[in-house]
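The values are calculated or read from the model by the stated rules, or taken from the named source; none is laboratory data. In this text the structure is predicted, and so the values were computed from the model without any measurement. Ideal geometry is used to build each Cβ from the backbone, glycine not excepted, and the neighbour counts take in all protein chains shown. Surface areas here come from the heavy atoms of the whole protein model, side chains and all, with no ligands, DNA or RNA. Shrake-Rupley method; radii C 1.70, N 1.55, O 1.52, S 1.80 Å.
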Amino acid sequence: MTSFLSDFILKIVQQLLGSVHPGDESRVTELRALGAAIVKFCISIELAQLLFGEMFQLFEAYNRMAIFLEALEPYILDDVLTSLPPEIMQHLVEHYSSKGEVARIEACVFHMNIYSLDFNQVVRLCKTYKLYSALADVFTRGLNDFVTPLEYLLEGMGSVDPPEASELGYKMLLYLRCCFRGECFPPGRGNLPVSGDDEKPPPGVQLLQQLIQVPNDNGPMALRKLLAFATVATLRVLEDVFQEEPINPFVSSLAQPLSDSLVALIGSRPEQSQMQTSSTHDSLTLYDRGMVMEFISLFVIRGFIRIPEDIYQNMVSQLVSPAPKIGAESLEFQTASGDYKDDYSREDNKVPLTPASREQRLMDLFHMSSDGQFQVDRVLQLAKRAEFYTLGAALSMHKEDYEGALQCHIQKGKLKGHEESPFSFIDKMMSAGVLNEYGRRQFKNVVLQVLPSLVETDSELTIRLIVQHFPADNDQVLSALEAHSNLQLLYVKGIMNNASNDDDDYGKEGVASLAALIQKSDLLVTEEMCELYVKLLCKFEPSNVFFFLVSSDNYGLEHCLKLCEQHGIPDGSSYLLERMGDLVQALDRILDGLSQALKDLNELLFLPCAPVALARIKKDKFVDAQEVQEGEEDIQEAYEAIQNYCHA
């Protein structure tokens, strides 16, 4: 029955294929449908021998093999066909390669049962047609061999043109990353199976061992090629090996050899680098060497390695120095075809360590360094130059230089988002148990010296600080600000505005309001302080003098009157004269003020430009003409009223 059915199907297919002239492409769609139907039919009744035997030969004889091969692809990708005879496999690879669609071949290989294929044939085809992803899949799934694909990729990079070499380079980095993370390659196909052999290193360790092998005196060839190709991306991939917690013993044992290999390649100083060759494709820039040093610092902090003193000092210098500018080409980490572009985007490959991250790494190195290893004085100068003020403060505290530490916090407080830094530091230093009595007095003197900078950063936080820690030293505070009268005003105004406020509420996280702190503190608002406030208002905010005089009586009348007279503040003078009982002089001051107002208004109304300005306003389509007219009338009435009053 099967033989009869096979013969019948073959006869029909032969007739249909023969009915189409070899040069007639108008019926290609019809033939594709025929191919799909034949493949589906043979698979459904398990006639694989017919499909890959006589049926294939029939399509080949009529020069329609492409239709037959493309009809197989959907069933391969759906895991219905998991193996192909060697001859069919050969034709499938050659067909898609001729069309430049190697990705379709590799996709088919990923879905095949490796053990049912002719392994040697598949490897040979992958090498011939540069199917490196498929090659990696065949070796890792078929032989559990993760090293050989890396060797083929390295070999391929050296035998192709630069654009293709770049494609292979990023593919190799992606392969390494997948293996380091225990994932199948290409990504998205799950995790690698767990090996039952505890004595055999995991795939990532095997690959790392291969990377740091030293075949000759020029250092590890594989690692050298990767660093020269894409330094930042390579280091980020290598970092994946050491992310696992707890760290694998195999992995931790390779940290020191890897570090030694990297140092051998870049040298302890730039001029010692073995990467500096005549070829631009096999050399590291100053930026690249700096990134390698940053990478090594991570191992030092985690306690994986020990490095020579000169390397250590060079590493610290690199972290504390501004990063060199990087060319845009070094930020790329994506294949030319875009297959893996989302794995390492441009954003991911900007400078690996931001300034804040580099400063934190330096802090970690400092805290774990042995005596004398961290050259405090040298690094402190570099830290200030790099605006690493947190590090600078820590190093200054190590030297017991409290003034230097405070100066660093003040500089940090000038940066957006860090305004509270100096105040938090002072609060911590003045807390009980941090300093002895002598130390507290010395530190207080330091704080008084930098008060102008503190007020300029945040006047309210400065007042809060004084109220909490130096309430009895308010006179010294005012003296410290005497040379900066504008800042002195900010400080005094903050106290005055809150001293008369009955607010005893608590703000966020239970923090008392400034008014509540002042009222509960020993800080006294003296008559001298009020008079100083009037003096400052006369100088900087004359319009606010009258309102303060009315709201308070804690000041000397004659002293404040003298200030108002000196600065020409008639409303303040008249109020004070009225309080002193001199009503005639008070009225004179009011009339003087009105006369001055009349003079000012008169000058304004009769300026040469006034009529022109009013005419323009009237013509403005966005201005109500009636409102302008009413405004003119109001001004005129006010003018006449003031004039009549002054001449009465």
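Quick notes on this one:
- For segment 393-522, Kirkwood radius (reciprocal of mean inverse C-alpha pair distance, Å): 15.2 Å
- Cα→Cβ-extended label distance, 7 Å offset, between residue 248 and residue 476, nm: 6.3 nm
- Expressed as a whole percent, the accessible surface of segment 37-106 that belongs to carbon and sulfur atoms is 51, based on a 1.4 Å probe.
- Computed from backbone phi with θ = phi - 60° and the Karplus coefficients 6.51, -1.76 and 1.60, the 3J(HN,Hα) list for segment 313-318 is 5, 5, 5, 4, 4, 5 Hz; x is used for glycine and proline.
- Semi-axes of the equivalent ellipsoid for segment 518-577, Cα gyration tensor, largest first, Å: 21, 11, 10
- Net charge, residue 152 excluded, C-beta distance under 13 Å - Lys, Arg +1, Asp, Glu -1: 0
- Checked against a 20 Å cut-off, the cross-linked pairs 444/539; 493/520; 130/200 give Cα-Cα distances beyond that limit for 444/539; 130/200.
- Taking the Cα atoms of segment 1-119, the ratio Rg/Rh between the radius of gyration and the Kirkwood radius comes to 0.96.
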